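Step one of this worksheet: look at the structure below.
The values are calculated or read from the model by the stated rules, or taken from the named source; none is laboratory data. Model, not experiment: these values are computed from the prediction. We place every Cβ from the backbone using ideal geometry, glycine too, and count neighbours over all the protein chains shown.
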Amino acid sequence: MPPVAVPAGSVERAWEFFRKIGSPKFHVAPMVDQSELAFRLLCRRHGATAAYTPMLHSRLSVDTPKYLEEHFTTCDIDRPLFAQFCANDPATLLRAAQLVQERCDAVDLNLGCPQRIARKGRYGAFLMDDLPLIERLVSALSTSLAVPVTCKIRIFPELQRTLEYARMLQAAGCSILAVHGRTRDQKRARDTRADWDAIKAVREAVDIPVLANGNVRTLADVHACMDYTGAVGVMSAEALLEDPALFAPSRLTPEGARRPTEGCELLLEYLELTATHSTPFRMIRGHAFSMLGDWLTEFTDLRDRMNDYGLDEARLKEIAEEMQQRINSLGRDHPVPKLSARQLARAEMEESKRAAVEGQQRESDALQEMETKRDVAVAAASC
């Protein structure tokens, strides 16, 4: 890739924007069906200083108003907020971004999703095969939106390609670059450690603010990552799902260490937020499994109740309260699993598969509805 010139003043504007939103260090990552408003607010209560929306499909956002109405919700205290879109068409992406630009601080382009559905839809990390298209997508936003454009990427196996990629994004108008230190093929975070050296190299290669993503399980990890890479902030996903208070300053003190019942307490607090901020139950249920975590391997009867078709928020609250009482009565701070490692792995795989199938089906249904409306409109116009 030939060198690209950085537009005059763009770097200064990027840093001005970063300072304007408070130079946030602790970011809630964009997660499909998991970084919704109620969860973002919970994380903000416990130390998060910025957050991303769930990934929004640009074409569905433009053509299906109900889709955007469900997936993009916010409120006055939900700031700074980055609205993330996946896209492969500059015009569609711009139209989608314009629908939300007055209710967020920046629009983020998803260039990091490595899942099969992203391959099928030709978005996320699979756009890495077409860098000129990525450049057009970023440029379309940076030259036409009222808010800055940011990007979240994965790295190439070759460091030099990653650095050229990052410089191109900066030149195209990206104001903040979040770097996940894994390649597109490294889908499972637990299988491969993120490459902090690559993140550090990107930070040294560009002049705009860089966020680091990967290998963060504790607040101590957050600070270690920032110190090592020089990134201005850290983005967390899976670890934050398990511990929404990950960014709480007290986590660095012995007194602030995670208590055995804290997952139950955080879930109950989250349910209070969902009572105020309407949240699809599939999202609530997913968060409940993450927050209650390993204790479900001991209290398998509660896990079974969480898999009941009749589960609702009231019953979920009862489960969290019952688990809290049981843990307090144990006199120990760790679960004793009743499930074997193989059984637990199988259960987690089935849960992950179920969530993936549901996600793909929702997107397929929405696309089908959109195409049906389009066919009806074309038929009506030809009459």
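Those residues that are at pLDDT below 95 and under 18 Å from the mean Cα position of the chain (by Cα), I need them from the stretch 69-99; list them, please.
Result: GLU70, HIS71.
Just to be sure, is GLY359 at pLDDT below 95, under 24 Å from MET55 (Cα atoms), among the small types (Gly, Ala, Ser) and in contact with a helix residue (DSSP H, G or I) (Cβ under 8 Å, 6 or more places away or on another chain)?
Here the answer is yes, as GLY359 does meet what is asked.
Does ARG119 satisfy being over 18 Å from ASP33 (Cβ atoms), at pLDDT below 95 and either aliphatic (A, V, I, L, M) or not in a strand (DSSP E or B) (or both)?
Yes.
Before we move on, is PRO90 under 23 Å from THR64 (Cα atoms) and surrounded by fewer than 23 Cβ atoms within 10 Å (Cβ to Cβ)?
When the stated conditions are applied, PRO90 passes them.
Taking the residues in the stretch 142-164 that are buried (at least 24 other Cβ atoms within 10 Å of the Cβ) and either of a type outside the set (Val, Ile, Thr) or modelled with pLDDT under 95 (or both) as candidates, determine which candidate is farthest from ASP105 (Cα to Cα).
Among those residues, the one meeting the criterion is ARG154.
Can you tell me which residues in the stretch 122-142 are part of a helix (DSSP H, G or I) and closer than 19 Å to ALA83 by Cβ?
Across the stretch 122-142, the qualifying residues are GLY124, LEU127, ILE134, LEU137, VAL138, SER139, ALA140, LEU141, SER142.
Identify the residue in the stretch 100-124 that is aliphatic (A, V, I, L, M) and over 14 Å from the mean Cα position of the chain (by Cα) and, among all such residues, is surrounded by the fewest Cβ atoms within 10 Å (Cβ to Cβ).
ILE117
LEU56 is checked against (1) of a type in the set (A, V, I, L, M); (2) farther than 26 Å from LEU268 by Cα; (3) surrounded by fewer than 21 Cβ atoms within 10 Å (Cβ to Cβ); (4) modelled with pLDDT of 95 or more and fails just one. What number does that condition carry?
(3)
Which members of the stretch 217-244 meet the condition of being surrounded by 23 or more Cβ atoms within 10 Å (Cβ to Cβ) and either small (Gly, Ala, Ser) or modelled with pLDDT under 95 (or both)?
Selection gives ALA231, SER236.
With the condition kept exactly as written, say whether any residue in the stretch 79-87 is touching a residue at least 60 places away in the same chain (Cβ under 8 Å), touching a Phe, Trp or Tyr at 6+ places or on another chain (Cβ under 8 Å) and within 21 Å of LEU169 (Cα to Cα).
Yes, the stretch 79-87 contains at least one residue that is touching a residue at least 60 places away in the same chain (Cβ under 8 Å), touching a Phe, Trp or Tyr at 6+ places or on another chain (Cβ under 8 Å) and within 21 Å of LEU169 (Cα to Cα).
Could you please find all residues in the stretch 228-250 being closer than 10 Å to GLY47 by Cα and touching a helix residue (DSSP H, G or I) at 6+ places or on another chain (Cβ under 7 Å)?
Passing the criteria: PRO244, ALA245, LEU246, PHE247, ALA248, SER250.
Condition (residue is buried (at least 18 other Cβ atoms within 10 Å of the Cβ) and outside the structural domain of THR49 (by TED's automatic domain parsing)) applied to the stretch 245-253: is it met by at least one residue?
No, the conditions are met nowhere in the stretch 245-253.
Given the criterion surrounded by 13 or more Cβ atoms within 10 Å (Cβ to Cβ), outside the structural domain of TYR67 (by TED's automatic domain parsing), under 30 Å from LYS120 (Cβ atoms) and at pLDDT 95 or above, identify the matching residue among MET291, MET283, MET323.
MET283 is the lone residue from the list that is surrounded by 13 or more Cβ atoms within 10 Å (Cβ to Cβ), outside the structural domain of TYR67 (by TED's automatic domain parsing), under 30 Å from LYS120 (Cβ atoms) and at pLDDT 95 or above.
Considering only residues that are free of Cβ contacts under 8 Å to residues at least 12 places away in the same chain and assigned to a helix (DSSP H, G or I), which ones fall in the stretch 253-267?
Those that are free of Cβ contacts under 8 Å to residues at least 12 places away in the same chain and assigned to a helix (DSSP H, G or I): PRO254, GLU255, GLY256.
Got a number for residues in the stretch 308-317 being assigned to a helix (DSSP H, G or I), out of contact with any Leu (no Cβ under 8 Å at 6 or more places or on another chain) and surrounded by 12 or more Cβ atoms within 10 Å (Cβ to Cβ)?
Residues meeting the conditions: 1.
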